[in-house]
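Taking it in order: structure first as structure tokens, then the write-up.
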4 protein chains.
Amino acid sequence: MDAQTLQAAFADVAADYVKRLDLRVTAVRPGEIDLALPVAAELVHGGGVLCGQAIMAAVDTAMVLAMIAELGEFRPMTTVQLQTSFLRPIPRDVAEVALTARVLRRGKSLAFGEISVRTPDGKLAAQATTTYALL
Amino acid sequence: MDAQTLQAAFADVAADYVKRLDLRVTAVRPGEIDLALPVAAELVHGGGVLCGQAIMAAVDTAMVLAMIAELGEFRPMTTVQLQTSFLRPIPRDVAEVALTARVLRRGKSLAFGEISVRTPDGKLAAQATTTYALL
Amino acid sequence: MDAQTLQAAFADVAADYVKRLDLRVTAVRPGEIDLALPVAAELVHGGGVLCGQAIMAAVDTAMVLAMIAELGEFRPMTTVQLQTSFLRPIPRDVAEVALTARVLRRGKSLAFGEISVRTPDGKLAAQATTTYALL
Amino acid sequence: MDAQTLQAAFADVAADYVKRLDLRVTAVRPGEIDLALPVAAELVHGGGVLCGQAIMAAVDTAMVLAMIAELGEFRPMTTVQLQTSFLRPIPRDVAEVALTARVLRRGKSLAFGEISVRTPDGKLAAQATTTYALL
């Protein structure tokens, strides 16, 4: 599966609210994908940094995409739990952040993944782990 | 602090992306608030249910509001980590869901909270715990 | 199911390492149980407080017991994930702490729960959420 | 800092209950350590697998050791939260499991880490993320 196909699969199922993030698939590997999240003005809160809500929305989406890359197609699934740690603030003058989502294990009914969010200088800004259920 | 004041404090600091959720403060108690999240069409994904991204965005916002209610004013703070469990899907025909956020402990530099998301029939749809840092 | 029956069911399946904690079922309600963890000297680390390892071990065990109370019998299950927040240190001079574990939702294959740990003065010392899989 | 020094630092501060795990530091790198956990009979529960309580105890300990390796000495610290995902059961006939704990970020007052637990065949059995507070 290439980035363009994955991007199209995402566009088919994502909520409009999530599409507003303008997430861009930048690479696809088996069970792993890279995603770019532009730091748009509407995602920045009063403290001048990228809001955590946008980070978590991108993180969850990144895992869905990694699962599609893992499965070779979209299949119904649901997030069981998602834990995000916020390591560093992301200032508004950062153009975009890079997410990598990786399927750590795909079982019959459950899948586990981890997602990292990095600023362009390579520093880890957020780290997440998640459990998905295949329906 | 009443609901109207809290709603205004929120409008001052929230990112535009979060304001799109049309969250409505419905009650304020010491260190605890209630929030309504309308299940708008743009928050529903291809599976016909409220997307997890909107749920987490509302959950994080609910905790910020509970902290403002606890502190009596807005103070700079940041989410350290947020763990959300998704117990039940929320179908698109639910008009809105009710969140309650509660400060479990406010220390000097760290605060802990829990947030519940319920459908109108009172059933728990999501449950979250979080750590905040006061800056 | 009464406390004595639950205590016996626990003794049948728990690892010896867990039995060393001398956990005591103090109350059983539908889908909810209370458990006492004595603050024994061997559970206290160099900082003079109850070690987090013992707290997490008790928390996980409390959820297993709440699941048995919910199901009416022991059934094979496994912890999928467990998130614990540590709100306050528990000093060595506290005789014991009280845990309450509650099943938030029991689905066909997954169950969700929350567990609180309180010192005798009623203060919340730790709070956990967890996902279990029924095998 | 070498493995022997780290092992001794651990012996100075750990609770006796944790020492029973017979954890063995096998490698030390800057901000990162490897640890072996023998799958002793007393850690195996009625289902015939290594109990989650022992896994979480080892995981938390591994992070303390990684922090000592990062700081160059033991300093008072406390676990703020710890989230563990259990990906695969570890059968009783596995001799030992290998943990790697890594400090993802060390701030002034907070530190973040991740810990993996692998069986001898290299498969990931558990994955954890954690936040520590430096006191």
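Throughout, read-outs are computed from the coordinates displayed, never taken from laboratory work. Just so we're clear, the structure is a prediction, and the values are computed from it rather than from any experiment. Cβ: placed from backbone, ideal geometry, glycine included. Neighbour counts: every protein chain shown.
Under the Kirkwood approximation applied to all pairs of distinct alpha-carbon atoms, what is the hydrodynamic radius of the range A:3-134 in Å?
Result for the range A:3-134 stands at 14.6 Å.
Report, please, the projected area of the range C:2-45 averaged over directions, based on the convex hull of its C-alpha atoms, in nm².
3.5 nm²
Around B:ARG106, what is the net charge, scoring Lys/Arg as +1 and Asp/Glu as -1 over all other residues with Cβ under 14 Å from its Cβ?
+2
Mind putting a number on the dipole of the protein assembly as shown about its Cα centre? Charges go on the C-beta only, +1 for Lys and Arg and -1 for Asp and Glu, and I need it in Debye to the nearest 20.
Around 0 debye, computed over the protein assembly as shown.
Compute the angle between helix B:3-13 and the longest alpha-carbon principal axis of chain B, please, reported from 0 to 90 degrees and rounded to the nearest 10.
90 degrees
Just how large is the dipole of chain B about the Cα centre, in debye to the nearest 20, putting +1 at every Lys and Arg Cβ and -1 at every Asp and Glu Cβ?
360 debye
Along Cα→Cβ at 7 Å, what distances in nm separate the D:PRO38 label point from those on the other copies, shortest first?
2.7, 5.9, 6.5
Report the convex hull volume per residue for the protein assembly as shown, counting only C-alpha atoms, in Å³.
In the protein assembly as shown, the Cα convex hull volume per residue is 135 Å³.
Of C:SER109, C:VAL13, C:VAL59, which is farthest along the charge dipole of chain C in the positive direction, counting Lys and Arg as +1 and Asp and Glu as -1 at C-beta?
C:SER109
Between A:ASP2 and A:ARG75, what length in nm is gained on full extension when 0.36 nm per residue of separation is reduced by their alpha carbon distance?
That pair, A:ASP2 and A:ARG75, stretches by 24.6 nm at full extension.
Across the residues of B:100-110, average count of Cβ atoms on other protein chains within 10 Å?
What the average comes to for B:100-110 is 2.
What is the Cα centroid distance between the range C:72-126 and the range D:17-51, reported in whole angstrom?
Between the Cα centres of the range C:72-126 and the range D:17-51 lies a distance of 23 Å.
Taking A:THR26 in one copy and the same position in all the others, each labelled 7 Å out along Cα→Cβ, what are the pairwise distances from the first, in nm, shortest first?
Shortest to longest, the spacings are 3.5, 4.1, 5.3 nm.
Kindly express, to the nearest 10 degrees and within the range 0 to 90, the angle between helix D:52-71's C-alpha long axis and the longest C-alpha principal axis of chain D.
Rounded to the nearest ten degrees, it is 30.
Residues of D:84-92, mean number of Cβ from any other protein chain within 10 Å of their own Cβ, rounded to a whole number?
6
Which pairs, out of A:LYS108/D:LYS123; A:LYS19/D:LYS123; A:LYS108/C:LYS108, put more than 26 Å between their alpha-carbon atoms?
A:LYS19/D:LYS123
Could you pull out the GluC sites (Glu not before Pro) across the range D:1-97 that fall in loop regions by DSSP (anything but H, G, I, E, B) with no more than 13 other Cβ atoms inside 10 Å?
D:GLU73
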